[in-house]
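The next block holds one structure in the form of structure tokens; read it before the comments.
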Amino acid sequence: QVWLVESGGGLVKPGGSLRLSCVVSINIASIYHVGWYRQAPGREREWVATMSIGGDTNYRDYVKGRFTITRDNANNILYLQMNALRPEDTAVYYCHAELQVLELGEYEYEEYWGQGTQVIVSS
């Protein structure tokens, strides 16, 4: 069974830092894509940073140079280090995993989400 549990959110002042963690119940190194999404009030959920099974990373333009996604393969934890936080980074942050499964000779994709962790950037 696949589950994801985030932690690390909280209230921080503009310019501050937070590190989000996501504990994964399976071998994180085997997951096709892992990533962080966020959803601000009144807005749709959007991807923030992703990492492929090979370790390639992608970031939304507005977090490049401020956020870093990493994973701890030994402990099956995904991290999001967030620096230079801005009020517009306020959102619920979700951990996401996309698994690639071979079914009857074809690849199928399964998605899993954590419950979310709230980040508030405010003075």
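List every residue whose amide H lies under 5 Å from the amide H of residue 3, counting only residues 5 or more places away in sequence or on a different chain, with H placed 1.01 Å from N in the peptide plane.
It is 25, 26, by chain and number.
Compute the relative contact order of the range 5-83 as a whole-number percentage, counting only Cα pairs closer than 8 Å that sit 6 or more residues apart in sequence. Display every interim value, and only then the final one.
Working: 137 pairs, mean separation 26.2, N = 79.
Relative contact order comes out at 33 percent.
Mind listing the phi-derived Karplus ³J(HN,Hα) values for the range 36-46, rounded to whole Hz, using 6.51, -1.76 and 1.60 with θ = phi - 60°, and x for any glycine or proline?
10, 10, 9, 9, 8, x, x, 10, 7, 5, 9
Amide H neighbours of residue 90 under 5 Å, at least 5 residues apart or on other chains, H built in the peptide plane: list them.
121
Expressed as a whole number of Å, what is the distance separating the alpha-carbon centroids of the range 89-120 and the range 6-34?
About 13 Å separates the Cα centre of the range 6-34 from the one of the range 89-120.
Tell me which residues come under 5 Å, amide H to amide H, from residue 76 once H is placed; ignore anything under 5 positions away on its chain.
The list, which skips near neighbours in sequence, is 28.
Project the alpha carbons of the range 32-123 onto their principal axes and report the range along each, largest first, in whole Å.
The Cα atoms of the range 32-123 stretch 54, 29, 25 Å along the principal axes, largest first.
Please find, in a Gaussian network model of the chain (springs between Cα atoms separated by less than 10 Å), the residue of 16, 42, 54 whose mean-square fluctuation is greatest.
Maximum among the listed residues: 42.
In whole Hz and in residue order, list the ³J(HN,Hα) couplings for the range 110-123 that follow from phi through the Karplus curve 6.51 cos²θ - 1.76 cosθ + 1.60, θ = phi - 60°; x for Gly and Pro.
Karplus-based 3J(HN,Hα) across the range 110-123 equals 10, 10, 9, 10, x, 7, x, 9, 7, 10, 10, 10, 7, 8 Hz.
First compute the accessible area of the chain with a 1.4 Å probe, then give the percent of it belonging to carbon and sulfur atoms. Display every interim value, and only then the final one.
Numbers: 3110 of 6720 Å².
That fraction is 46 percent.
What are the ³J(HN,Hα) values, in whole Hz, obtained from phi via the Karplus relation 6.51 cos²θ - 1.76 cosθ + 1.60 with θ = phi - 60°, for each residue of the range 4-14 in sequence order, with x given for Gly and Pro?
10, 10, 8, 7, x, x, x, 9, 9, 7, x
The values are calculated or read from the model by the stated rules, or taken from the named source; none is laboratory data. Source: prediction; values computed, not measured. Protein only, heavy atoms only, side chains kept; ligands, DNA and RNA dropped before computing areas. Shrake-Rupley method; radii C 1.70, N 1.55, O 1.52, S 1.80 Å.
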